[in-house]
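S.K.: Below are the C-alpha cells for one structure; questions will follow.
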Amino acid sequence: MEKIKHISILTLIITLGLVSCSDSENRISPLLRNTTVILNTGLPPESASADNSLLDRIRRLFVRDAVAQSAPASFSSIRVRVTGADFGVIEQTFAGGGLISLSVPSGSFRQFEVTAFTAPGDPNPAVTFRGTAAANLPAGETVSVPVLMRLSEIRIIVPDFLNGRIIVMDDMSGAGWTVIDGGKLGLDTIQPFDVDFDARGRIYIADQVSNGIIRIDNILGDNMKNFESISRDEGTLTAVAVDHINDRVYYATSATLYQSNLDGSDKQPKSIPGFVSINGIDVAPDGMLYIAGTDISKESAAVFKYDPNGSGAIVGQYSNGALLYAASDVMARGQNIYVINSSGGIDNMILQLAVDSSNIFTLVNNYGSPPVDLVTDYTKIPGLFYGPQHFIGGGNGALIIIDEGSFIFSDFLTPVDRLIAIQDIQGNGWTTYGQSGTETGMFDFYQTISF
C-alpha cells in the first residue's frame with residue numbers, strides 16, 4: 001500500500017529560460033529591487049486519462065487553466081516559504097483560497113514551498129497539500145509562478161475488515177473517529193482488506209465483497225466509483241497502491257497484479273516473470289513497485305522491486321531464509337523499504353531495507369519481538385507484537401501497523417486487535433490504540449477467533 005509521497009515540482013521554470021537578473025539591477029533603487037509574485041496553486045488533474053508525458057507535465061506548469069484544477073478541499077490557510085541564497089527565508093501565511101500575491105526580493109533561483117492546510121470539518125481526509133517551485137525574479141516586474149500541489153499528510157485510514165468498515169482518525173488517540181461502511185456508500189456491505197489514496201486525497205478501497213476497487217472522494221463517501229471487478233477464478237483482491245506521480249492504480253490478488261487509470265479504465269494485468277505470490281504492494285516515489293510475497297520457485301518469503309513500465313520486470317529481490325519468514329506487507333518511504341515479517345522471531349518482526357542504484361537490497365535494521373508466552377497479557381509492553389499484519393497510511397511520518405492475535409486470560413481466549421505506531425525502526429514513540437470489538441475505539445481485523 002501506499003503511503004504518503006512528498007513530490008517536488010520540477011524546476012523547469014529556470015531551465016526553460018525565464019528572464020534572469022542582470023548586473024544592471026545593482027544600480028536600481030532598493031525600493032525597486034522587489035518582484036511581485038503571483039502563485040497559481042493547483043491540484044493534479046481529475047481526469048484519469050490526462051496525458052502524463054513529460055511534455056504534457058511541462059505544459060501544465062505554464063498553462064494556468066491546466067494547473068489550477070478545482071481544489072478537492074477547502075483550505076483554512078496557506079503557508080508560503082521563499083528561500084534565496086542572499087536573504088535566507090521569508091515566510092508568510094495567507095487565508096485559504098484564491099491566488100496568492102506577495103513581494104519577494106528580486107534575483108536568481110528563488111525557491112517556493114507552498115503548504116495548504118485543510119479546513120477543520122472538511123470531509124477530505126487530507127491534512128495538508130504541498131508543492132514546490134523555483135523561478136528567477138526580474139526586479140520591478142510581476143511574475144506568475146505555477147505550483148502543482150499534491151497530497152502531503154493525511155489522516156489515519158484503517159481497513160476494519162471483519163467489521164465491514166473503514167475507520168478514519170485524526171491521530172493515535174482516536175480523535176475524529178469516523179466510520180465509512182456499506183450503508184454510507186449505498187451498498188449492502190463492504191469488506192475492505194486494504195486502502196490507499198491518490199494525490200488529491202481520494203480513497204481507494206480493495207473490497208472483497210465486490211472483489212474490486214471502490215473509489216470515493218472523501219469520508220462522506222461522495223462520488224463513489226466501482227472499478228471493474230476481478231473474477232473470483234483469478235483470486236481474491238488483497239492489495240491496492242496508488243502511484244502519485246504517474247496517476248496509476250495497482251491492485252493485486254495473490255497471483256496477479258493489475259494496473260489501471262485512476263478511474264479504473266484501461267485495466268490490464270501485469271506480467272511478473274517467475275512465480276510470485278503477492279501479499280502486499282507499494283509504490284515508491286520513482287514509480288517503482290515493491291511487492292511483499294513469496295518466491296514460489298524457491299518456496300521462500302521475498303520482497304521484490306518491480307518495474308511496471310513496458311513489459312515489466314523484477315529488477316531486484318530480497319530473500320533471506322534465515323531472517324525473512326513471511327513478507328506480509330511492504331511500505332516504501334524515501335530510500336527505505338519497510339517489511340512486515342509476521343512470522344519473525346525475537347527482534348525480527350519489522351525489517352528496514354535499503355536498495356542501492358544497482359537494485360541490491362541491504363538489511364539496515366530489524367525490530368520487534370513476539371510475546372514470550374500465550375498466557376500473559378503483553379499488550380502494555382513496547383516492542384512486542386502479537387501478529388503484525390499490515391501497514392496503514394497516514395500518521396504524519398510514523399509507521400502504523402495492524403497488530404492482531406490472542407492470549408489466554410482467565411480461561412478465555414482473548415483477542416488482540418490494535419494499531420501500533422512507531423516513529424522509527426528503533427521503536428521510538430511506541431504508541432498503541434484500540435481493542436477487539438465493534439464499537440468506537442474497537443477493531444476486528446483479519447483473523448476470526450472462536451471462543
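The values are calculated or read from the model by the stated rules, or taken from the named source; none is laboratory data. What you are looking at is a predicted structure, and each value in this text was computed from that prediction instead of being measured. All Cβ positions, glycine included, derive from the backbone under ideal geometry; neighbour counts span all protein chains shown. Accessible surface areas use protein heavy atoms only, side chains included; no ligands, DNA or RNA. Shrake-Rupley method; radii C 1.70, N 1.55, O 1.52, S 1.80 Å.
S.K.: Once all Cα-Cα distances of region 324-444 are split into 10 Å bins that start at 0, what whole-number percent is in each one?
M.R.: 13, 45, 30, 9, 2, 0
S.K.: Near residue 211, within a Cβ-to-Cβ distance under 11 Å, what is the net charge of the other residues, with Lys and Arg +1 and Asp and Glu -1?
M.R.: Net local charge, residue 211 excluded: -3.
S.K.: Further, regarding this structure: Using only C-alpha atoms and all pairs of different ones, pull out the Kirkwood radius for region 237-396 in Å with one decimal.
M.R.: One decimal place: 16.3 Å for the Kirkwood radius.
S.K.: Calculate the length of the line joining the C-alpha centroid of region 225-290 to that of region 372-449, in whole Å.
M.R.: 28 Å
S.K.: If the limit is 22 Å between Cα atoms, which of 270/305; 184/225; 267/298 go over it?
M.R.: Correct reply: 267/298.
S.K.: Still on this model: Could you work out the percent of alpha carbon pairs in region 88-237 separated by over 27 Å, rounded to a whole number?
M.R.: 40 percent
S.K.: If you don't mind, another one. Using only Cα atoms, figure out Rg for region 83-170 and give it as a multiple of 2.2 N^0.38 Å.
M.R.: Cα-based Rg divided by the globular estimate yields 1.50.
S.K.: Using 0.36 nm per residue of separation minus the Cα-Cα distance, give me the extension gain between residue 179 and residue 266 in nm, one decimal.
M.R.: The span from residue 179 to residue 266 would gain 28.2 nm if fully extended.
S.K.: For region 350-406, report the % of Cα-Cα distances exceeding 13 Å.
M.R.: Above the 13 Å cut-off, region 350-406 has 70 percent of its Cα pairs.
S.K.: Could you list the square roots of 5 times each eigenvalue of the Cα gyration tensor of region 241-303, that is, the equivalent ellipsoid semi-axes, sorted largest first and rounded to whole Å?
M.R.: 22, 13, 8
S.K.: Considering the Cα trace of region 166-264, what is its radius of gyration and what is Dmax, both in angstroms?
M.R.: Cα radius of gyration and Dmax of region 166-264 are 13.3, 41 Å respectively.
S.K.: Which whole-Hz couplings ³J(HN,Hα) result when phi for each residue of region 256-264 is put into the Karplus expression 6.51 cos²θ - 1.76 cosθ + 1.60, θ = phi - 60°, listed in order with x for Gly and Pro?
M.R.: Calculated HN-Hα couplings, in order: 9, 9, 10, 10, 8, 6, 5, 9, x Hz.
S.K.: Here is a follow-up. Between residue 218 and residues 5 or more places away or on another chain, which pairs have amide H atoms under 5 Å apart, with H built 1.01 Å from N, and which residues are they?
M.R.: Under 5 Å from the amide H of residue 218 lie the amide H atoms of 203, each far enough along the sequence or on another chain.
S.K.: List the residues whose amide H sits under 5 Å from the amide H of residue 40, counting only those 5 or more places along or on another chain, with H placed 1.01 Å from N in the peptide plane.
M.R.: 145, 147
S.K.: Can you list the residues, at least 5 places off or on another chain, whose amide H is less than 5 Å from the amide H of residue 212, using H built in the peptide plane?
M.R.: 207, 230
S.K.: With a 1.4 Å probe and all protein chains left in place, how much of the accessible area of region 80-133 comes from carbon and sulfur atoms, in whole percent?
M.R.: So the carbon and sulfur contribution to the accessible surface is 55 percent.
S.K.: Grab the beta carbon distance between residue 85 and residue 354, set R0 = 30 Å, and tell me the FRET efficiency rounded to 0.05.
M.R.: In this case the efficiency is close to 0.40.
S.K.: Hey, what do the phi angles of region 414-428 turn into as Karplus ³J(HN,Hα) couplings, whole Hz, using 6.51/-1.76/1.60 and θ = phi - 60°, x for Gly and Pro?
M.R.: 9, x, 10, 9, 8, 9, 10, 10, 10, 7, 7, 6, 7, x, 4
S.K.: Run the Debye formula on the Cα coordinates of region 201-322, all scatterers equal and no solvent, and tell me log10 I(q)/I(0) at q = 0.17, 0.19 1/Å.
M.R.: Values returned for q = 0.17, 0.19 Å⁻¹ are -0.84, -1.02.
S.K.: In addition: In units of 2.2 N^0.38 Å, what is the alpha-carbon radius of gyration of region 169-226?
M.R.: In units of the globular-protein estimate, region 169-226 measures up at 1.11.
S.K.: Could you state how much accessible area residue 245 has, in square angstrom rounded to the nearest 10, with a 1.4 Å probe and all protein chains kept in place?
M.R.: Its accessible surface works out to 40 Å², give or take rounding.
S.K.: For region 175-286, which whole-number percentage of the solvent-accessible area (1.4 Å probe, protein heavy atoms only) is attributable to carbon and sulfur atoms?
M.R.: Within region 175-286, the accessible surface is 45 percent carbon and sulfur.
S.K.: Whole angstrom only: what separates the Cα centroid of region 341-368 from the Cα centroid of region 73-149?
M.R.: Their Cα centres are 38 Å away from one another.
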